[in-house]
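Everything below concerns the one structure shown next.
The values are calculated or read from the model by the stated rules, or taken from the named source; none is laboratory data. For clarity, every value in this text was computed on a predicted model and none was experimentally measured. Note that each Cβ is placed from the backbone with ideal geometry, even for glycine, and that neighbours are counted across all protein chains shown.
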There are 2 protein chains.
Amino acid sequence: MELFRVVTLAEARRLLARYWPLPGRQEVILPLLAALGRELARPVAAKDDVPGFTRATMDGYAVRAADTFGARESQPVILRLVGEVPMGQPATVAVGPGEAVAVATGSMMPPGADAVVMVENTELLPEGRIAVFKPVAPGQDLVRQGADVRAGTTVLPVGHTLRPQDLGVLASLGVTRVTVYEPWRVGILATGNEIVPPEANPGPGQVRDINSYTLAGLVQECGGKVTLYGIAPDDLEDLTARVRKALAENHLVLLSGGSSVGTRDLTVQVLAGLGQPGILFHGVAIRPGKPTVAAVAGDKMILGLPGHPVSAMVVFSILIEPLLRYGSYDHLAGRRTVEAILSRTVTSTPGREDYIRVRLGAGPGGFLAVPVPGGSSMISSMVQADGLVTIPLEEEGLEAGTRVEVKLF
Amino acid sequence: MELFRVVTLAEARRLLARYWPLPGRQEVILPLLAALGRELARPVAAKDDVPGFTRATMDGYAVRAADTFGARESQPVILRLVGEVPMGQPATVAVGPGEAVAVATGSMMPPGADAVVMVENTELLPEGRIAVFKPVAPGQDLVRQGADVRAGTTVLPVGHTLRPQDLGVLASLGVTRVTVYEPWRVGILATGNEIVPPEANPGPGQVRDINSYTLAGLVQECGGKVTLYGIAPDDLEDLTARVRKALAENHLVLLSGGSSVGTRDLTVQVLAGLGQPGILFHGVAIRPGKPTVAAVAGDKMILGLPGHPVSAMVVFSILIEPLLRYGSYDHLAGRRTVEAILSRTVTSTPGREDYIRVRLGAGPGGFLAVPVPGGSSMISSMVQADGLVTIPLEEEGLEAGTRVEVKLF
């Protein structure tokens with residue numbers, strides 16, 4: 001029993017990751033808001049284009065861009081105003097040469113038009129005419145049908161954990177129910193003759209159970225479903241029976257070990273007897289947290305954590321949280337904020353803070369923060385992005401190669 | 001209506017923070033595990049010392065430290081073994097001069113003893129004697145009664161949001177029910193003639209509601225309780241009625257504005273008519289997110305967010321999330337990981353990763369990371385700590401003044 005197989009943290013993670021995700025989770029169908037934080041069990045493909053029609057992204061006039069070429073402050077182009085597109089209604093009036101149709105942000109673009117002139121760059125004249133003081137390029141200030149999401153593409157893959165922006169893209173596609181996995185079920189069992197429940201008055205030599213509550217809180221924060229199995233005395237038969245019951249009812253079982261060598265030995269003995277493949281490691285080269293033991297028995301995983309409450313929390317946060325929350329140890333979001341090198345120059349206007357959506361990639365010296373294209377009307381840009389980079393109030397932009405901090409979603 | 005009062009982000013935060021926390025939350029009593037993430041409405045004071053008795057923190061022998069002075073490998077001190085303390089039971093045998101009593105990690109210390117000799121530094125001899133090969137100092141490898149939490153001290157203040165370690169310290173004190181505030185109730189109302197619910201098939205010029213779902217997800221992630229109030233058309237009377245209903249039933253209401261100027265003007269008109277103190281600002285110097293409007297009416301707060309989904313999410317994350325999640329804009333945990341200067345040198349053993357608990361303080365050039373004293377048996381050290389600093393596998397420690405990254409709880 002004292003033949004420790006002490007491994008490094010990296011080795012411990014490699015051994016556990018080999019069995020994760022554990023098989024056997026059930027699929028459930030949930031309405032959108034209830035599915036937040038859950039993992040998709042089926043991919044979601046777009047049935048429709050988003051947006052479903054080409055839309056204006058500014059208040060102004062839909063025009064033929066070619067008509068505005070050469071317009072300037074001193075020499076405006078004069079167009080005939082032939083109608084307007086009311087919000088939420090079809091565009092019925094077409095834009096012919098020399099014509100314009102009034103649109104609002106979000107309006108359907110009328111046939112014939114290929115750009116929007118901002119209202120700020122125009123003046124309404126008598127007799128149904130407008131003056132345009134600045135030229136626009138084709139495609140300016142509009143978003144084309146399908147530019148956000150193209151019908152037929154897979155929007156979210158299996159295993160993806162649903163974030164708020166994912167709920168948004170699903171709503172935009174008319175998906176109101178999704179198939180997700182049930183939460184990880186985690187059983188927690190305290191061990192040790194000296195441990196009494198919190199509601200008890202400890203006698204001399206006894207202490208109240210702390211670890212069941214800190215661990216339950218940590219599991220809940222990761223979205224797991226906790227069941228407490230009470231406190232097992234230092235007795236092989238009793239402990240084995242409780243562990244078997246907890247394993248039968250959960251995917252993962254956490255034993256918060258009694259602190260003494262006697263209890264630890266007992267834990268190892270129980271774990272060794274649960275079946276194949278058996279104990280993965282017995283001791284990790286970290287402090288606090290060294291006396292951590294892990295085993296896999298059939299489809300189930302079980303970890304014996306140190307008895308000291310700080311040690312148990314540290315081991316949870318480095319070995320268990322990444323699996324429960326992100327499914328692996330190398331998921332980017334596990335790091336919350338990361339430093340990265342900006343892949344290209346982005347500009348900003350001094351006097352306001354800019355928030356740039358970025359996707360993280362691998363660069364020569366670490367992460368590369370790649371700005372995600374697409375205007376702020378595009379929910380798909382938030383789905384593709386891993387986080388936000390801030391351009392401070394007084395900066396005119398950030399140059400390619402700048403070291404930036406990415407706040408991860 | 002077009003008299004924008006555009007403010008900087010800092011000014012917008014200052015204006016909102018003046019009214020936060022909003023009054024009027026009810027208090028509820030919850031069992032420990034259900035209270036995770038909730039804010040304490042009453043302070044919690046310790047009724048007992050934790051631990052309730054002086055405990056060994058190593059497996060070995062309780063001794064009088066003075067008896068071991070001068071012990072070395074070549075010249076051990078020989079002590080008489082006069083008994084043992086079984087786990088979870090009172091220590092009945094006292095340690096006299098020249099005597100030792102066997103203890104396990106967590107055992108009650110026997111009267112007369114003032115230190116523990118680790119079992120690794122001893123040898124069991126025939127005839128009830130042990131050899132001690134290394135001296136111990138008084139107080140070594142034990143934790144004194146009340147060293148973790150002293151009876152009578154306030155352990156957690158009003159307004160504190162309960163984290164897993166806080167559940168642990170409450171359990172250790174025998175507190176199994178706590179008085180917390182109800183979650184923030186947040187009403188969400190979409191506006192705009194062009195918006196249809198996700199389950200509808202949008203006609204020409206219509207789009208499905210995205211913002212109600214992204215915002216609901218964000219509020220839920222912050223622990224808030226969401227109610228959706230559907231989609232209001234661009235009609236002053238209808239919108240006003242829906243906003244008043246949402247305000248009556250919630251603490252905070254989020255309008256996800258239609259994107260057109262017409263809808264935005266309408267939103268401002270509605271907000272201006274709700275009562276005193278009225279509109280706080282109308283436009284923030286950020287991108288995306290400029291057309292954001294905020295008002296306070298009586299005890300309630302209402303924000304009109306931009307219609308573009310990306311803009312609405314960015315504004316939520318910088319203006320609303322800090323209030324809902326942390327109660328203010330300057331709570332440290334809002335930054336998740338922070339850089340700090342280590343206040344004193346900490347040592348480590350190469351070949352293992354060390355996790356140091358630190359409290360954050362203000363230093364001359366930013367944050368100071370101050371290591372929290374206390375062994376890993378002390379749950380209070382996790383309650384006092386703001387986060388963890390890692391000492392990498394091959395380092396022998398980190399010197400005072402080192403720039404470190406603190407992973408916040």
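Is there a residue in segment A:46-56 that is within 30 Å of A:V284 (Cα to Cα) and within 24 Å of the chain's Cα centre (by Cα)? Give the derivation first.
First, pick out the residues of segment A:46-56 that are within 30 Å of A:V284 (Cα to Cα): none.
Among the residues of segment A:46-56, not one is within 30 Å of A:V284 (Cα to Cα) and within 24 Å of the chain's Cα centre (by Cα), which makes the answer no.
I'm trying to understand the selection: among the residues of segment B:373-409, which are basic (K, R) and either more than 19 Å from the chain's Cα centre (by Cα) or surrounded by 21 or more Cβ atoms within 10 Å (Cβ to Cβ) (or both)?
Of segment B:373-409, the ones basic (K, R) are B:403, B:407.
Passing the criteria: only B:R403.
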(request) Take A:T227 and decide whether it is surrounded by fewer than 22 Cβ atoms within 10 Å (Cβ to Cβ), at the interface with chain B (Cβ under 9 Å from one of its Cβ atoms), farther than 27 Å from B:Q89 by Cα and of a type outside the set (D, E, K, R). (result) no
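Quick check on my filter: what residues within segment A:350-409 are outside any strand (DSSP E or B), free of Cβ contacts under 8 Å to residues at least 12 places away in the same chain and farther than 30 Å from B:I195 by Cβ? Reasoning before the result, please.
Residues of segment A:350-409 that are outside any strand (DSSP E or B), as a first pass: A:350-352, A:364-365, A:372-386, A:392-396, A:399-402, A:409.
Remaining after also requiring free of Cβ contacts under 8 Å to residues at least 12 places away in the same chain: A:364, A:373, A:376.
Correct list: A:P364 only.
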(message) Among the numbered criteria (1) outside the structural domain of A:V219 (by TED's automatic domain parsing); (2) under 20 Å from the mean Cα position of the chain (by Cα), which one does A:G366 miss?
(response) (2)
(request) Taking B:V207 as meeting all but one of (1) within 12 Å of chain A (Cβ to nearest Cβ); (2) touching a residue at least 60 places away in the same chain (Cβ under 8 Å), write down the number of the exception. (result) (2)
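Among the residues of segment A:236-250, is there at least one that is charged (D, E, K, R), touching a residue at least 60 places away in the same chain (Cβ under 8 Å) and out of contact with any Leu (no Cβ under 9 Å at 6 or more places or on another chain)?
Applying the first criterion (charged (D, E, K, R)) to segment A:236-250 yields A:237-238, A:242, A:244-245, A:249.
The next check asks that each one be touching a residue at least 60 places away in the same chain (Cβ under 8 Å); those that pass are A:249.
From what is left, the residues that are out of contact with any Leu (no Cβ under 9 Å at 6 or more places or on another chain) are A:249.
Yes, segment A:236-250 contains a residue that is charged (D, E, K, R), touching a residue at least 60 places away in the same chain (Cβ under 8 Å) and out of contact with any Leu (no Cβ under 9 Å at 6 or more places or on another chain).
Would you say A:L215 is facing chain B (nearest Cβ under 9 Å), under 18 Å from A:T263 (Cβ atoms) and of a type in the set (A, V, I, L, M, F, W, C)?
Values: facing chain B (nearest Cβ under 9 Å): yes; under 18 Å from A:T263 (Cβ atoms): yes; of a type in the set (A, V, I, L, M, F, W, C): yes.
It is true that A:L215 is facing chain B (nearest Cβ under 9 Å), under 18 Å from A:T263 (Cβ atoms) and of a type in the set (A, V, I, L, M, F, W, C).
Looking only at segment A:317-348, count every residue that is of a type outside the set (S, T, N, Q), closer than 17 Å to A:E399 by Cα, more than 14 Å from every other protein chain (Cβ to nearest Cβ) and surrounded by fewer than 19 Cβ atoms within 10 Å (Cβ to Cβ) and tell me the total. Step through it out loud before you land on a result.
Restricting attention to segment A:317-348, the residues satisfying the condition of being of a type outside the set (S, T, N, Q) are A:318-327, A:329-336, A:338-342, A:344, A:346.
Filter once more, keeping what is closer than 17 Å to A:E399 by Cα: A:339-342, A:344, A:346.
Adding the requirement that they be more than 14 Å from every other protein chain (Cβ to nearest Cβ) leaves A:341-342, A:344.
Then drop every residue that is not surrounded by fewer than 19 Cβ atoms within 10 Å (Cβ to Cβ), which leaves A:341, A:344.
Count: 2.
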(request) Report, ordered by the first and then the second residue, all pairs with beta carbons closer than 7 Å, sequence separation of six or more or different chains, a first member in segment B:157-168 that is surrounded by fewer than 17 Cβ atoms within 10 Å (Cβ to Cβ), and a second member that is at pLDDT 90 or above and among the charged types (D, E, K, R). (result) B:V158/B:R42; B:G159/B:E39
(message) I'd like the full set of residues that are facing chain A (nearest Cβ under 7 Å) and crowded, with 20+ Cβ neighbours inside 10 Å, limited to segment B:284-298.
(response) B:I286, B:P288
(request) Scan the strands (runs of 3 or more DSSP E) fully inside segment B:1-119 and keep the ones with 1 or more residues being within 14 Å of another protein chain (Cβ to nearest Cβ), in contact with a helix residue (DSSP H, G or I) (Cβ under 8 Å, 6 or more places away or on another chain) and surrounded by 16 or more Cβ atoms within 10 Å (Cβ to Cβ). (result) B:60-63
(message) Please go through segment A:349-402 and give me each residue that is among the hydroxyl-bearing types (S, T, Y) and away from chain B (no Cβ under 12 Å), ordered by number.
(response) A:T402
(request) Kindly list, by first and then second residue, each pair from a residue in segment B:304-316 that is within 8 Å of chain A (Cβ to nearest Cβ) to a residue that is assigned to a strand (DSSP E or B), limited to pairs with Cβ atoms under 6 Å and residues at least 6 apart or on different chains. (result) B:V314/A:Y355
(request) Mind listing whichever residues of segment A:122-140 are over 30 Å from A:S380 (Cα atoms) and not in a strand (DSSP E or B)? (result) A:P126, A:E127, A:G128, A:F133, A:K134
(request) Would you point out the residue of segment B:230-245, among those that are more than 12 Å from chain A (Cβ to nearest Cβ) and β-branched (V, I, T), that is farthest from A:S172 (Cα to Cα)? (result) B:T240
(request) Return yes or no: is B:G174 within 7 Å of chain A (Cβ to nearest Cβ), in a loop (DSSP other than H, G, I, E, B) and under 30 Å from B:V44 (Cβ atoms)? (result) yes
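Within segment B:259-303, how many residues turn out to be among the aliphatic types (A, V, I, L, M) and assigned to a strand (DSSP E or B)? Break it down stepwise before answering.
Filtering segment B:259-303 down to residues among the aliphatic types (A, V, I, L, M) leaves B:261, B:266, B:268, B:270-272, B:274, B:279-280, B:284-286, B:293-297, B:301-303.
Next, from what is left, pick out any that are assigned to a strand (DSSP E or B): B:279-280, B:284, B:286, B:293-297, B:301-303.
Qualifying residue count, segment B:259-303: 12.
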(request) Could you tell me whether A:G168 is assigned to a loop (DSSP other than H, G, I, E, B) and facing chain B (nearest Cβ under 7 Å)? (result) no
(request) Kindly indicate whether any position in segment A:141-154 is surrounded by fewer than 19 Cβ atoms within 10 Å (Cβ to Cβ) and assigned to a strand (DSSP E or B). (result) yes
(request) Just name the residue that is surrounded by the fewest Cβ atoms within 10 Å (Cβ to Cβ) out of those in segment A:177-195 that are under 17 Å from A:A46 (Cα atoms) and either of a type in the set (S, T, N, Q) or more than 17 Å from the chain's Cα centre (by Cα) (or both). (result) A:R177
